[in-house]
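*Asks:* Here it is, the structure, as structure tokens.
Quick note: the coordinates plus some simple rules give every number you see, no bench work behind them. All of these numbers come straight from a predicted model, not from anything done at the bench. Here the Cβ is made from the backbone with ideal geometry for all residues, glycine too, and neighbour counts use every protein chain on show.
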Amino acid sequence: MTLWGGAFSQPTDDAVRRLNDSLRFDWRLYEVDITGSMAWAEALADAGVITAAERDALLGGLERVRAEFAAGQFVPAPTDEDIHTAVERRLGEIVGPVAGKLHTGRSRNDQVATDVLLWLLDAVPRLTDLMADLMAALLEKAVAHTGTLMPGTTHFQPAQPLTAAHWLLSHFWALARDSERLEHFAEAWRDKCPLGSGALAGTPYPIDRQRLAERLGFRAPAPNSLDAVADRDHVAEYLFAAALIGAHLSRLSEDLIVFANPAFGFVRLDERYSTGSSLMPQKRNPDPLELARGKAGRLVGHLAGLLTTLKGLPAGYNKDLQEDKEPLFDAHDTLITLLPPLTGLIGALTLVPERMRAALDEGMLATDLADYLVSRGVPFRQAHGLAGRAVRLAEQKGVSLSALTLDDYRTLSDAFGPDVAQVFDFDAAVARRAVFGGTGEVAGQIERARAWLSGRKPLS
Ligand code: ARG
């Protein structure tokens with residue numbers, strides 16, 4: 001028996017059922033679906049719609065259904081369309097006809113919207129905890145490499161020297177923002193409990209929606225029942241956050257893939273986090289990093305897919321909205337599967353300071369050469385031109401900037417003095433950038449990163 005067949009004289013076509021049914025993926029909502037149903041049974045009793053004894057029968061039965069699911073003993077019936085109908089069908093088998101009172105004044109539309117929100121509120125801290133583990137690994141590696149210098153790039157061309165710690169922490173802060181973004185979203189979701197919206201117009205029973213919302217851990221009920229059943233903003237927000245995390249993990253991975261290439265040799269991947277080739281014995285392939293980079297595409301795709309689903313929908317619930325769940329679960333599973341190996345990989349990563357330092361080129365001090373002239377009273381724009389000419393002169397002579405003689409420099413400008421030699425010191429160039437957030441202030445940054453990690457509180 002379906003839960004809605006009264007007006008129908010024929011059963012649903014089998015092929016349509018296979019298309020329509022969502023239990024194969026939305027069973028994952030069982031816990032939140034039952035939590036929502038328990039709160040609804042309480043609300044119905046509070047409103048005098050069912051008796052206290054009926055409420056208790058429903059609560060006891062729902063508890064048993066939950067236990068069956070948790071123990072992996074729930075047996076789906078062929079008529080179970082989705083998790084909501086499956087739970088109600090089983091509840092009826094357990095408690096008898098009183099189960100038929102649970103859906104009074106409720107619709108699967110407000111039910112599913114509530115379920116997904118509750119699921120998300122639970123999913124966010126599970127994700128941000130794993131992100132914090134990766135951030136801790138990045139931070140720990142940074143602490144070990146505050147004195148390791150490497151070439152920083154812009155346009156992927158050698159630009160200025162950086163500490164390796166500064167580079168590692170650049171990825172830390174991107175993840176910190178992603179984590180804050182998710183927690184921000186989750187906070188806002190707490191203001192819009194959909195339950196009590198009915199199918200679209202609200203419920204005719206005197207339900208105290210504020211109380212119901214609070215029972216489920218929300219701060220307030222959704223303000224418009226029609227919006228509440230059709231809104232999937234929260235899923236889109238989660239998918240956006242997931243896509244951006246994917247992009248950030250992909251950028252981290254790309255850095256590591258390049259740096260692990262023997263032509264760079266800045267890092268070595270631990271054997272446990274790389275794989276070999278079936279043909280070429282010398283290969284050490286960064287597969288986990290490539291998968292991280294590849295999965296970013298999949299995460300972006302989920303966001304684009306959902307937004308496309310949402311954009312043309314008329315007011316109210318439409319079955320198109322059932323398409324929110326597979327991308328949502330897949331995005332979550334993708335990140336949950338991806339983060340732990342990346343955390344392990346970073347923890348076991350070897351940086352090769354000699355290779356990083358050997359890649360520093362004095363050309364990366366040309367800005368410092370210009371700044372030297374600034375300290376001697378030359379306006380920066382002119383100093384930039386003179387330093388550029390010094391670079392060209394060194395290239396013409398086939399030497400490095402520090403190998404140019406004072407006379408060479410003086411042919412360019414009288415502003416050069418014998419102390420110009422002091423410019424050609426990579427460590428000093430790093431140390432000079434001691435402004436807040438600069439590479440020479442990485443010790444302070446490490447303190448702030450530590451404070452960020454220790455200040456983050458789990459949401460629930
Ligand atoms: N499985 C459905 C979904 O995920 C539940 C809501 C169904 N509502 C309805 N009116 N058919 O969207």
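*Asks:* For q values of 0.14, 0.19, 0.30 Å⁻¹, compute log₁₀ I(q)/I(0) with the Debye formula on a Cα-only model of region 187-248, without solvent.
*Replies:* Reported log10 I(q)/I(0), two decimals: -0.46, -0.71, -1.21.
*Asks:* Let me ask you something else. Give, in nm to one decimal, the length gained when the segment between His184 and Thr79 is fully stretched (0.36 nm per residue of separation minus the Cα-Cα distance).
*Replies:* Contour length minus the Cα-Cα distance gives 33.9 nm.
*Asks:* Take the eigenvalues of the Cα gyration tensor for the chain, scale each by 5, and report the square roots as semi-axes in whole Å, largest first.
*Replies:* 61, 23, 19
*Asks:* Highest mean first, how do 134-146, 418-430, 159-171 rank when packing is the count of other Cβ atoms within 10 Å averaged over residues?
*Replies:* Going by the mean number of other Cβ atoms within 10 Å, highest first, we get 159-171, 134-146, 418-430.
*Asks:* I would also like to ask the following. Would you please calculate the Kirkwood hydrodynamic radius of region 167-280 over all C-alpha pairs and express it in Å, rounded to one decimal?
*Replies:* 17.9
*Asks:* Please give the net charge around Thr35, taking every other residue with its beta carbon less than 9 angstrom from that of Thr35, where Lys and Arg add +1 and Asp and Glu add -1.
*Replies:* Net charge around Thr35: -2.
*Asks:* Roughly how many Å is it from the Cα centre of region 247-283 to that of region 69-127, as a whole number?
*Replies:* Taking the Cα centre of region 69-127 as reference, the centre of region 247-283 is 45 Å away.
*Asks:* Below 11 angstrom from the Cβ of Leu59, what's the summed charge of the other residues (Lys, Arg +1; Asp, Glu -1)?
*Replies:* Value of the local net charge: -1.
*Asks:* Something else about it: Would you list which lysines come within 22 Å of Lys319, measuring only between C-alpha atoms, while excluding same-chain residues fewer than 8 positions from it?
*Replies:* Within reach: Lys192, Lys311.
*Asks:* Sorting check: for 97-104, 251-258, which peptide has the highest mean count of neighbouring beta carbons within 10 Å, and how do the rest follow?
*Replies:* 251-258, 97-104
*Asks:* Moving on. Jot down the per residue volume, in cubic angstrom and as a whole number, of the convex hull over the alpha-carbon atoms of region 277-419.
*Replies:* Convex hull of Cα atoms, per residue: 278 Å³.
*Asks:* Now, a different point. Taking the dipole about the Cα centre of the chain, with the C-beta of Lys and Arg at +1 and of Asp and Glu at -1, give me whichever of Leu256, Leu127, Gly347 is farthest to the positive side.
*Replies:* Of the listed residues, the answer is Leu256.
*Asks:* Can you order the peptides 303-313, 20-30 by their average number of other Cβ atoms within 10 Å per residue, highest first?
*Replies:* So the order, starting with the most tightly packed, is 20-30, 303-313.
*Asks:* Place +1 on the Cβ of every Lys and Arg and -1 on the Cβ of every Asp and Glu in the chain, take the dipole about the Cα centre, and give the residue among Phe185, Pro314, Thr367 whose Cα lies farthest towards its positive end.
*Replies:* Toward the positive end, the furthest listed residue is Thr367.
*Asks:* Then there's this: Binned at 5 Å from 0, what are the whole-percent values of the Cα-Cα distance distribution for region 237-286, short to long?
*Replies:* 5, 19, 20, 20, 13, 10, 8, 4, 1
*Asks:* Next question. Place a point 7 Å from the Cα of Asp208 along the Cα-to-Cβ direction; which residues of region 50-94 have their backbone N under 12 Å from it?
*Replies:* Zone members listed by number: none at all.
*Asks:* Take the Cβ-Cβ distance between Asp56 and Ala7 as r, set R0 to 22 Å, and report the resulting FRET efficiency rounded to the nearest 0.05.
*Replies:* For Asp56 and Ala7, the calculated efficiency is 0.10.
*Asks:* Let me ask another. Tell me, what is the FRET efficiency for Phe156 and Arg219 to the nearest 0.05, using R0 = 35 angstrom and their Cβ-Cβ distance as r?
*Replies:* 0.15
*Asks:* For region 1-130, what's the radius of gyration and Dmax over Cα atoms, in angstrom?
*Replies:* Here Rg and the maximum Cα pair distance are 15.4, 52 Å.
*Asks:* Expressed as an acute angle from 0 to 90° and rounded to the nearest 10, what is the orientation of the C-alpha long axis of helix 366-375 relative to the principal long axis of the chain?
*Replies:* With rounding to tens, the tilt is 70 degrees.
*Asks:* Considering Cα pairs under 8 angstrom that are at least six residues apart, work out the relative contact order of region 191-230 and quote it in whole percent.
*Replies:* 56
*Asks:* Over every pair of different alpha-carbon atoms in region 266-323, take the mean of 1/r and invert it; report that Kirkwood radius in Å.
*Replies:* Result for region 266-323 stands at 15.0 Å.
*Asks:* Counting only helical runs of four or more DSSP H residues, what would the 222 nm mean residue ellipticity of the chain come to if each run contributes -39,500 (n - 2.57) and the total is spread over all its residues?
*Replies:* -19500 deg cm²/dmol, from helical runs alone.
*Asks:* For region 372-423, compute the orientation-averaged projected area of the C-alpha convex hull (one quarter of its surface), in nm².
*Replies:* So the mean shadow area of the Cα hull is 3.1 nm².
*Asks:* Roughly how far apart, in whole Å, are the Cα centres of region 310-350 and region 286-306?
*Replies:* 10
*Asks:* Would you please state the base-10 log of I(q)/I(0) at q = 0.14, 0.22 1/Å for region 331-389, with intensities from the Debye formula using one equal scatterer on every alpha carbon?
*Replies:* Taken in order of the listed q values, log10 I(q)/I(0) reads -0.62, -0.85.
*Asks:* Please work out the FRET efficiency for the pair Thr411 and Ala304, using the Cβ-Cβ distance as r and a Förster radius of 51 Å; give the result to the nearest 0.05.
*Replies:* 0.30
*Asks:* How much length, in nm to one decimal, is gained on full extension between Leu313 and Val258, taken as 0.36 nm per residue of separation minus their Cα-Cα distance?
*Replies:* Length difference between fully extended and current span is 15.4 nm.
*Asks:* Between 0 and 90 degrees, rounded to the nearest ten: what's the tilt of helix 442-455 against the longest Cα principal axis of the chain?
*Replies:* That works out to roughly 10 degrees.
*Asks:* So, one more: Give the aspartates and glutamates whose C-alpha is closer than 16 Å to that of Lys141, dropping any in the same chain fewer than 8 places away, or say none.
*Replies:* Within the straight-line limit of under 16 Å, Lys141 reaches these aspartates and glutamates: Asp133, Asp255, Asp270, Glu447.
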